[in-house]
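Remarks on the structure that follows.
The values are calculated or read from the model by the stated rules, or taken from the named source; none is laboratory data. Quantities reported herein were computed from a predicted structural model and do not represent experimental measurements. Note that we place each Cβ from the backbone using ideal geometry, even for glycine, and neighbour counts take in every protein chain shown.
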Amino acid sequence: MRLAIDPFRLRKNMEELAEFGWESTGGIWRESFGAADQAAKQWLIAKIEAARLHARQDAAGNVWGRLGPAGPAVLVGSHIDTVPAGGMFDGALGVVAALECLQTIREQKPALGHPLEMVAFSDEEGAFLSFLGSRAAVGALRREELAEAQNMQGVPLAQALAACGLNVAELLRARSTPHAIRAYLELHIEQGPRLEAAQIPIGIVRTIVGIAAYRITFQGEANHAGTTPLAVRKDALLGAAEFALQVDAWVRSHTLGVVTVGNMDVLPGAFNIVPGEVRLALEFREASSAQLASMEQAILQIGAEVAHQRNLGFRAQKLSWDEPVALSPAIIAVIRQEADALGLKFQLMDSGAGHDAQILAPQTEAGMIFIPSLQGKSHCPQENSRWEHIEQGAQLLLNCLLRLAGSESAKA
Ligand code: HGY
Ligand code: MN
Ligand code: MN
């Protein structure tokens with residue numbers, strides 16, 4: 001007899017989780033290690049315990065729920081932190097669906113060949129450091145990057161961790177025991193327009209793009225806005241603006257990738273002062289490792305040239321670099337077979353968004369299932385998906401987990 005998820009419980013849990021960090025301006029903000037994120041994690045721990053799974057939180061703040069004995073487990077999860085003014089599905093879908101799958105299996109007790117574990121990874125969105133929780137779990141963090149990590153308000157990671165009773169030294173020791181993860185599976189919204197346009201309910205991910213992030217600073221000279229002639233100004237904002245336009249043009253004409261200036265601080269930031277300094281957050285992505293490297297070289301060269309032409313200082317601090325990652329052909333085959341068995345149309349695709357799966361993939365067999373995002377929107381309050389697709393994605397996730405955990409019911 002095939003196990004079936006409980007779609008009502010799934011939807012209720014999604015709607016409950018969406019309450020944490022909901023903002024009257026629209027959207028949800030659960031910044032990692034902030035109050036809303038912490039409250040959501042406590043909610044999740046209570047749900048895991050109510051499902052009679054073994055709940056624990058590690059030194060990176062990752063929340064785990066286990067079904068079965070010790071030993072290499074099939075892992076399923078995602079993240080519950082969000083971007084500012086984010087949506088209710090990015091990450092949360094994968095965690096709540098993982099809970100629903102393990103709770104269903106716990107209740108219906110099929111014989112399993114391997115234990116199952118669910119996880120909500122900390123700081124996937126990189127408020128402090130991209131994929132912080134999953135990188136801690138696989139031992140892929142360096143002490144120096146943790147020392148430099150801070151959020152957009154300049155709060156150091158160590159201070160945010162301390163507010164949660166955590167610390168950097170123990171975070172570095174949060175690694176799961178080697179080979180503890182037999183396979184990893186993640187259900188996620190596509191966060192793009194392709195599945196909806198193709199009217200296909202399931203995406204099976206082949207490759208996750210590489211992502212690099214830099215903090216760029218243009219240093220000019222603050223001066224009086226009324227008495228300083230345009231010809232002698234060292235206007236940092238004009239340099240930053242020209243830089244942003246030039247890197248966009250270069251990436252469009254040379255790659256299939258993307259580049260984004262997502263944040264710009266203009267200092268001192270008054271109407272009547274020529275901007276003396278501009279700090280901007282820049283990230284770029286490409287599915288090809290070679291192209292990602294050529295983007296980095298071009299971006300840094302453009303910054304130096306613009307700064308030189310405008311008599312400005314230029315600093316570029318690399319914040320993170322995650323190579324493109326191919327997901328497991330074996331897991332892709334399982335997802336294809338289980339989608340076929342459910343009569344679900346699917347398409348193989350690459351992911352333009354980064355995911356914890358790319359951190360797990362070098363350590364274990366990792367796979368991802370996408371469902372459509374309405375109008376392709378994500379990282380905004382309008383992020384939305386159809387409950388029909390959510391239920392189909394969660395049922396497919398359950399069937400894949402049963403296969404990977406060697407359950408007898410998977411052969412039924
Ligand atoms: O930004 C991303 O690609 C992901 O949503 N963290
Ligand atoms: Mn995500
Ligand atoms: Mn995201």
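Pick out, from the range 30-142, the strands (runs of 3 or more DSSP E) lying fully within it that include 3 or more residues that are farther than 27 Å from Q159 by Cβ.
Working: elements: 54-57, 63-67, 73-79, 116-121.
Answer list for the range 30-142: 63-67, 73-79, 116-121.
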Criterion (among the small types (G, A, S), loosely packed, with under 14 Cβ neighbours inside 10 Å and in contact with a strand residue (DSSP E or B) (Cβ under 6 Å, 6 or more places away or on another chain)) met by exactly one of G262, G269: G262
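Please go through the range 143-193 and give me each residue that is assigned to a loop (DSSP other than H, G, I, E, B), within 30 Å of I369 (Cβ to Cβ) and touching a helix residue (DSSP H, G or I) at 6+ places or on another chain (Cβ under 6 Å), ordered by number. Give the derivation first.
Start the filter on the range 143-193 by keeping residues that are assigned to a loop (DSSP other than H, G, I, E, B), which leaves 149, 151-155, 163-167, 172-180, 190-193.
Among the residues that remain, those that are also within 30 Å of I369 (Cβ to Cβ) are: 174-180, 190-193.
Listed by number, the residues that qualify are A174, S176, G192, P193.
Quick check on the range 68-87: of everything there that is of a type outside the set (G, A, S) and buried (at least 24 other Cβ atoms within 10 Å of the Cβ), which residue is farthest from ligand 1 (Cβ to nearest atom)? Lay out the reasoning, then the answer.
The first filter runs over the range 68-87 and keeps only residues of a type outside the set (G, A, S), leaving 69, 72, 74-76, 79-84.
When the remaining residues are screened for being buried (at least 24 other Cβ atoms within 10 Å of the Cβ), the result is 74-76, 79-82.
Working: V74: 23, L75: 19, V76: 18, H79: 8, I80: 12, D81: 9, T82: 9 Å.
Top of the filtered list is V74.
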Where a residue in the range 63-86 is more than 19 Å from L402 (Cα to Cα) and its partner, wherever it lies, is charged (D, E, K, R) and away from ligand 1 (no atom under 14 Å from the Cβ), with Cβ under 6 Å and at least six apart: V63/K41; D81/D37
Considering residues of the range 326-362 that are more than 14 Å from the chain's Cα centre (by Cα) and within 16 Å of ligand 2 (Cβ to nearest atom) only, the residue surrounded by the fewest Cβ atoms within 10 Å (Cβ to Cβ): D350
Complete set of residues in the range 1-57 that are exposed (fewer than 13 other Cβ atoms within 10 Å of the Cβ) and among the aromatic types (F, W, Y): F8
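Give the residues of the range 352-371 that are farther than 14 Å from L397 by Cβ and away from ligand 3 (no atom under 16 Å from the Cβ), sorted by residue number.
Within the range 352-371, the first condition is being farther than 14 Å from L397 by Cβ, and the residues that meet it are 352-356, 358-365.
Of everything in the range 352-371, those that are farther than 14 Å from L397 by Cβ and away from ligand 3 (no atom under 16 Å from the Cβ) turn out to be L360, A361, P362, Q363, T364, E365.
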Some residue of the range 385-392 being within 16 Å of ligand 3 (Cβ to nearest atom), in a loop (DSSP other than H, G, I, E, B) and of a type outside the set (A, V, I, L, M): yes
Pairs, first farther than 21 Å from P324 by Cα and touching a residue at least 12 places away in the same chain (Cβ under 8 Å) in the range 190-208, second of a type in the set (S, T, Y) and surrounded by 17 or more Cβ atoms within 10 Å (Cβ to Cβ), C-beta under 7 Å, six or more apart: E196/S373
Matching residues, the range 196-212, being assigned to a strand (DSSP E or B) and either of a type outside the set (A, V, I, L, M) or out of contact with any Lys or Arg (no Cβ under 9 Å at 6 or more places or on another chain) (or both): G203, V205, R206, T207, I208, G210
Pairs with Cβ under 6 Å, 6+ apart, first in the range 279-293 and assigned by TED's automatic domain parsing to the domain that holds S253 and within 16 Å of ligand 1 (Cβ to nearest atom), second among the polar types (S, T, N, Q) and part of a strand (DSSP E or B): A281/N263; E283/T260; A287/T207
R142 vs. criteria of a type outside the set (A, V, I, L, M, F, W, C), buried (at least 22 other Cβ atoms within 10 Å of the Cβ), out of contact with any strand residue (DSSP E or B) (no Cβ under 8 Å at 6 or more places or on another chain) and closer than 26 Å to A213 by Cα: no
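Look through the range 69-111, keep the residues that are touching a Pro at 6+ places or on another chain (Cβ under 7 Å) and within 16 Å of ligand 2 (Cβ to nearest atom), and return whichever of them is farthest from H389 (Cα to Cα). Break it down into steps so the answer makes sense when it comes.
Let us first name the residues in the range 69-111 that are touching a Pro at 6+ places or on another chain (Cβ under 7 Å), namely 69, 71, 73, 85, 87.
Narrowing further to those that are within 16 Å of ligand 2 (Cβ to nearest atom): 85, 87.
Details: A85: 23, G87: 17 Å.
That would be A85.
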Boolean, Q301 is more than 16 Å from ligand 3 (Cβ to nearest atom), touching a Gly at 6+ places or on another chain (Cβ under 8 Å) and either within 30 Å of N223 (Cα to Cα) or outside any loop (DSSP other than H, G, I, E, B) (or both): no
